[in-house]
Amino acid sequence: YYYHLYFETVDWSNDAWSEDFFARVNPPVAKYVFGGSLALRGLHLHDGNLQRAFNRSWRSPASLRAQVDDRMLLVTRQTSALFGALVCSLAFWMAARLGGVAAGVVAVGLLLGDPLFVVKARSGLTDTLLLFHLALIAPVAWQAVRAQQRYLQTPAPGSRQTIRWLLQVAVLPGVIIALAAGTKLNGAIAGPIYAMGLVVGTLLLSSRSGW
């Protein structure tokens, strides 16, 4: 519904934004991702009836399930599964970079062998979206460390080098951190994780290469 208000009708002053508890408290990214996925399939939520049904029936899963369109449930589950697949792809790529293809296969096997991960990836929930953004922090932090190394080794960096450095060290990581926190509030942990990775990576590279 909030995807509909924000993107389809551009109704940013609707009373629902201030009156609905979930609109005020829940981060927006996952709502917009799921809303966009539904809209792409021609399934639009033009009112808050489904949210009100949840408020009434959340203690009775069977009753709540009967009020959800099967097509909508399928799309949300497919969206969760897509992000689960992206998490597996990232895990394979990162592990393969460190230890070869076998390590990548093991990393994916460990993920798929975790019952909780499989349940979340097939349930139409926001957890795989959050995990995807958190997993992105690792390659983004590594690229930032490399950018930091190149920048510090440049005797007199010009404006172009400085802008490129800022994009890799601050802007791109900031976007990923914002997406993580905007998916679920505990995604804000991506900020400290990135900062720690940048500091530790920079110290390790500097000690090895002497810059």
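The values are calculated or read from the model by the stated rules, or taken from the named source; none is laboratory data. Just so it is clear, the structure is predicted and the values come from calculations on it, not from any experiment. For neighbour counting, all protein chains shown are included, and Cβ atoms are generated from backbone atoms with ideal geometry for every residue, glycine included. Quick note on the areas: whole protein, heavy atoms, side chains included, nothing else; ligands and nucleic acids left out. Shrake-Rupley method; radii C 1.70, N 1.55, O 1.52, S 1.80 Å.
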- Would you pick out the residues in the stretch 23-49 that are open to solvent by less than 60 Å² (accessible area, probe 1.4 Å) and of a type in the set (A, V, I, L, M, F, W, C)? ALA23, VAL29, ALA30, VAL33, PHE34, LEU38, ALA39, LEU43, LEU45
- Of the conditions (1) crowded, with 16+ Cβ neighbours inside 10 Å; (2) within 18 Å of the chain's Cα centre (by Cα); (3) among the aliphatic types (A, V, I, L, M), ALA85 clears all except one; give me its number. (1)
- Residue ranges of helices (runs of 4 or more DSSP H) in the stretch 109-185 with at least 2 members open to solvent by less than 40 Å² (accessible area, probe 1.4 Å): 115-121, 127-153, 172-183
- Residue hits (the stretch 1-33; closer than 19 Å to ASN49 by Cβ and either in contact (Cβ under 8 Å) with a residue 60 or more places away in the chain or in a loop (DSSP other than H, G, I, E, B) (or both)) are TYR1, THR9, ASP11, ASN14, ASP15, ASP20, ASN26
- Query: Within the stretch 54-65, is even one residue among the aromatic types (Phe, Trp, Tyr) and at pLDDT 90 or above?
  - Reply: no
- Task: Return yes or no: is VAL101 farther than 14 Å from VAL33 by Cα and exposed (fewer than 15 other Cβ atoms within 10 Å of the Cβ)?
- Result: yes
